[in-house]
């Protein structure tokens, strides 16, 4: 696991669930079903709908490299943040 904490480009579906991202000069297409980060379940339940949950998703680039990403939308800064990345 690598902690990143960097701004990234993320595209989402109509419900705001991440479907892919652009990081490290590469496009990663979502290749699994994104999941809420476990630590966010209780927080989101107590603070809907203003809280933007964190998501974990697997992405695969055009070369076939797959990584797992933890991302969160930060509304106050109008940007997505890459929290962590797993090889």
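The values are calculated or read from the model by the stated rules, or taken from the named source; none is laboratory data. The structure presented is a predicted model; accordingly, all values stated were derived computationally and were not measured. Quick reminder, even Gly has a Cβ in these numbers, built from the backbone with ideal geometry, and neighbours come from all protein chains shown.
Residues that are surrounded by 14 or more Cβ atoms within 10 Å (Cβ to Cβ) and either farther than 18 Å from residue 38 by Cα or in contact with a helix residue (DSSP H, G or I) (Cβ under 8 Å, 6 or more places away or on another chain) (or both) within region 67-78 comprise just one, 67.
Conditions (1) farther than 13 Å from residue 9 by Cα; (2) part of a loop (DSSP other than H, G, I, E, B); (3) touching a strand residue (DSSP E or B) at 6+ places or on another chain (Cβ under 7 Å); (4) modelled with pLDDT under 95, marked per residue:
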residue: 40; (1), (2), (3), (4): yes, no, yes, yes
residue: 45; (1), (2), (3), (4): yes, no, no, yes
residue: 50; (1), (2), (3), (4): yes, yes, no, yes
residue: 68; (1), (2), (3), (4): yes, no, yes, no
residue: 84; (1), (2), (3), (4): yes, no, yes, yes
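Screening residue 30 against (1) more than 9 Å from the chain's Cα centre (by Cα); (2) surrounded by 17 or more Cβ atoms within 10 Å (Cβ to Cβ); (3) modelled with pLDDT under 95 leaves a single unmet condition, (3).
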